[in-house]
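**Student:** Sharing a structure here in structure tokens format.
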Amino acid sequence: MEHEHTSVGYARDKAVIIKRLKRAEGQVRGIQRMVEDDTYCIDILTQVSAATRALETVALQLLEDHLAHCVAQAAREGGDVADQKVREASAAIARLVRS
């Protein structure tokens, strides 16, 4: 799903987000190696939990940036745009809570 925008809310945090994503990517590759090496199940699950937390941290940062930038800007504009951004944010929060 692509949205029309002039700038992204996470622009100021982009380097931090990329660093966190690379760390999570490394964790997932490590998990893959653990499975290939027949590592004990509980040890793998511990690493899965760590990778999940890393991605949740990225998600929360993106959500915070979205609320502070995109939703706040839409709220200043008001009307249907504001309503749409609030609905988008609510749906994103619901997806995060369910995951």
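The values are calculated or read from the model by the stated rules, or taken from the named source; none is laboratory data. Everything numeric here is computed off the predicted structure, so don't read it as measured data. Here the Cβ positions follow ideal geometry from the backbone for every residue, glycine too, while neighbour counts run over all protein chains shown. We work out accessible area using only protein heavy atoms, side chains counted, and drop any ligands, DNA or RNA first. Shrake-Rupley method; radii C 1.70, N 1.55, O 1.52, S 1.80 Å.
**Student:** State, to one decimal in nm, how far the label point of Leu45 lies from the label point of Lys14, with both points 7 Å from Cα in the Cβ direction.
**Tutor:** That separation, rounded to one decimal, is 4.1 nm.
**Student:** Quick one: putting +1 on the C-beta of Lys and Arg, -1 on the C-beta of Asp and Glu, what dipole do you get for the chain around its Cα centre, in Debye to the nearest 20? If you can, show how the numbers build up before the last one.
**Tutor:** On the way: 14 positive and 15 negative charges, 56 e Å.
For this selection, approximately 260 debye.
**Student:** Summarise the long-distance tail of P(r) for the chain by giving the % of C-alpha pairs beyond 17 Å.
**Tutor:** On the way: 2942 of 4851 pairs.
Cα-Cα pairs in the chain separated by more than 17 Å: 61 percent.
**Student:** Within the range 11-88, what whole-number % of the accessible surface is contributed by carbon and sulfur, with the 1.4 Å probe and all protein chains included in the calculation?
**Tutor:** Carbon and sulfur together cover 57 percent of it.
**Student:** First measure r as the distance between the Cβ atoms of Ala82 and Arg33, then evaluate 1/(1 + (r/R0)^6) with R0 = 41 Å and state the FRET efficiency to the nearest 0.05.
**Tutor:** E between Ala82 and Arg33, to the nearest 0.05, is 0.30.
**Student:** Let me ask something else. What number comes out for accessible area per residue over the chain if the probe is 1.4 Å? Units Å², please.
**Tutor:** Per residue, the chain has 75 Å² of solvent-accessible surface.
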